[in-house]
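The structure appears right after this line, and notes come after that.
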Amino acid sequence: MTALSTLPTPRKSGQSLPQAPLVLGIETSCDETGIGIVRGTELLANTVSSSMEEHARFGGVIPEIAARAHLEAFVPTLRQALDTAGIQLKDVDAIAVTAGPGLAGALMVGLSAAKGLALAAGKPLYGVNHLVAHVGVGLLESSSPMTELPENTGALLVSGGHTEILRVVSLTSQVQLLGSTIDDAAGEAFDKTARLLGLGYPGGPAIAAAAAHGDPTAFRFPRGLTMPKFEGSAQAPGKHRHNWSFSGLKTAVARAVEQFESAGLEVPVHDIAASFQEAVVDVLTSKAVRAAREHGIHTLLLGGGVAANQRLRELLTERCAAAEIELRIPPVSLCTDNGAMVAALGAQLVAAGVEPSGMEIPADSSQPVQRISV
Amino acid sequence: MKNYHGGVILAIDSSAGASVAVLDQGRVLAQWRTSETTDHAEVLAAAVAETMRQAGVDGGGLGGVVVGVGPGPFTGLRVGLALAHALAEVWQVPLHGLCSLDSLAHRAVTQSPAGDPAGDSASDPAGDHLGGPVEAGVEFLAVSDARRREVYWARYRSRAAAGPDHAASAELVDGPHVSAASELPDLPAVGIGAGLYPEALKARSAMEASWLPDAVELGQIAQTPGPARLREPLPLYLRESDAKVPAQVRPRTAAS
Ligand SMILES: [Zn+2]
């Protein structure tokens, strides 16, 4: 299969593929039980049940708690999604489900339920890649519905579970990983730092709120993997030119907090939060925009839960504008993990005539981005 | 809740190995099982499809779905439950849970090897190795593997058949629980847990100490007239999620 052109997806002769397939998508890779329904690129339902509150006292997602919550939420979430869309399961053309990457036990609940739906309703099943689904959601933007992604689209995905920059040659057949975090995900760094600062969970909104009252230049926290030996040059890129690392930043914050505490001083929580946020957002956006520029990306899509961070949006907007890259940020409800993005990618796969998955597909907790469907 | 009277049902258990059975009034139409404990998510849905095909029934023709709710290792257990929830939802048929240990107890009192459609142990060559049906009024344990040097267990009492057309049954006396094998009551035991801890548990026979819960008996119990054993179709975890509040999560008293 070749890259998508600006024409409708070519059909093989004698084959009739639905132009705008009706697809139900299931997402259970982390702490959101998401079921979405789309018709082609039209969003019909996006129902999400979150177990976030149950993880709050642990300061991070507990896989077993997430998996338990998925099982209990599945049927009610399904019913509500079907109700919202005003359809029945027998009407759909296919069922799509996140096969990976994500938490293994959590993925298995969604996958097993999806197999049950597909089997009972006699529908084709598509096991899809969670990261690529985050990109697929870009097609659902209600303001300017697209039937295809623009050529040379890239995606910056930032959440509690992942941090990647992708190049999307074709949503259904060719996606490349340009760079990713080599340790903590950016959202994880927010959670851990919020924990350190006693700001609560989830860390993203908590840090952002504290940062609003702080000075982002008060502390100069490290920007991971920005030394020349890691970055190299455009002509001779270093090993980590487009990669991130947030573990050093986390350690630097911990050290700063310790210094104040051992000196018996009040910890300047607002300034630390603001400086930490600035460090994350600065390195995320500078590396993402450079990776985009060096790989001919003209349109960049932002996805993942951290997309809700106002400072990230601001700085990314600024830097994309300077680099003449068109930035697209879907509504927050479509940036965080949800079933609609899975359905959106599923619809593209159906329309492109991609073979459905078998009933035996496994959950792949470390599914590489190149494996768009399994 | 009442037990099922007549009709064809689908039974699924994924509390230890995994198994699927389609039964008509307690008679097994088709069945499948594996003792593998780690690949439920891959194999179980296809096994249901194949077992239904072999039994010659489709979802619309079912009177219900019953599913083993454990206790059992969480991830595998949830695979069976998630599948059962989805199937019952689409087919619009009732869904009920059964304690998976009930399956072992049922087998102990009837001595019908899982999968013997006649339900007659005399025709089974392995019958030699069985301890014989548990006598009426006698108490015993059904024990499965809970890992981490513990077992899932429940205490049952055998009850005589109510009449010529009825089978003996096992009445739940206590449990299910999760404990170290050494803490269990001193009673004869059946199930793989007895085989794993021979120093602590008195297995009724070597064969019975290898038994895993099975969908066949769950289906039979569900279709047995008498007091209902059906439960909510939600897992019997018996253990907390193990999550610990990290030391770093503590209220910071310093003003900011
Ligand atoms: Zn995500």
Checklist entry - From the residues in region A:259-296 that are in contact with a His (Cβ under 7 Å, 6 or more places away or on another chain) and within 23 Å of residue A:243 (Cα to Cα), which one is nearest to the other protein chains (Cβ to nearest Cβ)? => result A:287
Checklist outcome for this item: Considering region A:186-198, residues that are within 11 Å of another protein chain (Cβ to nearest Cβ) and over 12 Å from residue A:253 (Cβ atoms), and then whichever is surrounded by the fewest Cβ atoms within 10 Å (Cβ to Cβ), we arrive at A:198
Checklist entry - Just one of the numbered conditions (1) open to solvent by 30 Å² or more (accessible area, probe 1.4 Å); (2) modelled with pLDDT of 85 or more; (3) β-branched (Val, Ile, Thr) is not true of residue B:221; which one? => result (1)
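Pick from region A:148-167 the residues that are away from the ligand (no atom under 16 Å from the Cβ) and not charged (D, E, K, R): which of them is modelled with the lowest pLDDT?
Looking at the filtered set, the residue picked out is A:149.
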Next on the checklist: Looking at region A:41-57, can you tell me whether even one residue there is touching an Asp or Glu at 6+ places or on another chain (Cβ under 8 Å), surrounded by 20 or more Cβ atoms within 10 Å (Cβ to Cβ) and without any contact (Cβ under 8 Å) to a residue 24 or more places away in the chain?
Outcome noted: yes
Checklist entry - Which condition breaks for residue A:231 when tested against (1) over 24 Å from the mean Cα position of the chain (by Cα); (2) of a type in the set (Asp, Glu); (3) open to solvent by less than 50 Å² (accessible area, probe 1.4 Å); (4) farther than 15 Å from residue A:181 by Cα? => result (4)
Item to check | Options B:233, B:246, B:213; residue that is modelled with pLDDT under 95 and open to solvent by less than 50 Å² (accessible area, probe 1.4 Å) | outcome: B:246
Checklist entry - Going by the conditions given, is residue A:209 open to solvent by less than 50 Å² (accessible area, probe 1.4 Å), among the small types (Gly, Ala, Ser) and part of a helix (DSSP H, G or I)? => result no
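Do any strands (runs of 3 or more DSSP E) lying entirely in region A:15-119 carry at least 1 residues that are in contact with a Lys or Arg (Cβ under 8 Å, 6 or more places away or on another chain), and which ones are they?
A:22-27, A:94-100
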Checklist entry - Could you say whether any residue in region B:202-210 is open to solvent by 70 Å² or more (accessible area, probe 1.4 Å), assigned to a helix (DSSP H, G or I) and at pLDDT 95 or above? => result no
Checklist entry - Does region A:180-195 contain any residue that is touching a strand residue (DSSP E or B) at 6+ places or on another chain (Cβ under 6 Å), part of a loop (DSSP other than H, G, I, E, B), within 16 Å of the ligand (Cβ to nearest atom) and among the aliphatic types (A, V, I, L, M)? => result yes
Checklist outcome for this item: Listed by first then second residue, the pairs whose first member lies in region B:186-202 and is farther than 18 Å from residue B:134 by Cβ, whose partner is of a type in the set (Gly, Ala, Ser) and assigned to a helix (DSSP H, G or I), with beta carbons under 6 Å and at least 6 positions apart or on separate chains, are B:197/B:181; B:200/B:181; B:200/B:182
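In this structure, does residue A:140 turn out to be aliphatic (A, V, I, L, M), within 16 Å of the ligand (Cβ to nearest atom) and either closer than 23 Å to residue A:325 by Cβ or open to solvent by less than 20 Å² (accessible area, probe 1.4 Å) (or both)?
Values: aliphatic (A, V, I, L, M): yes; within 16 Å of the ligand (Cβ to nearest atom): yes; either closer than 23 Å to residue A:325 by Cβ or open to solvent by less than 20 Å² (accessible area, probe 1.4 Å) (or both): yes.
So residue A:140 fits the description; yes.
Take residue A:218 and tell me if it is assigned to a helix (DSSP H, G or I), modelled with pLDDT of 95 or more and open to solvent by 20 Å² or more (accessible area, probe 1.4 Å).
No.
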Checklist entry - Which of the residues belonging to region B:104-132 are at pLDDT 90 or above and either farther than 24 Å from residue B:14 by Cβ or among the polar types (S, T, N, Q) (or both)? => result B:110
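The values are calculated or read from the model by the stated rules, or taken from the named source; none is laboratory data. Owing to the predicted nature of the structure, the values given are computational and were not obtained by experimental measurement. Heads up, the Cβs are rebuilt from the backbone with ideal geometry, glycines too, and the neighbour counts pull from every protein chain shown. Surface accessibility is based on the protein's heavy atoms, side chains included, excluding ligands, DNA and RNA. Shrake-Rupley method; radii C 1.70, N 1.55, O 1.52, S 1.80 Å.
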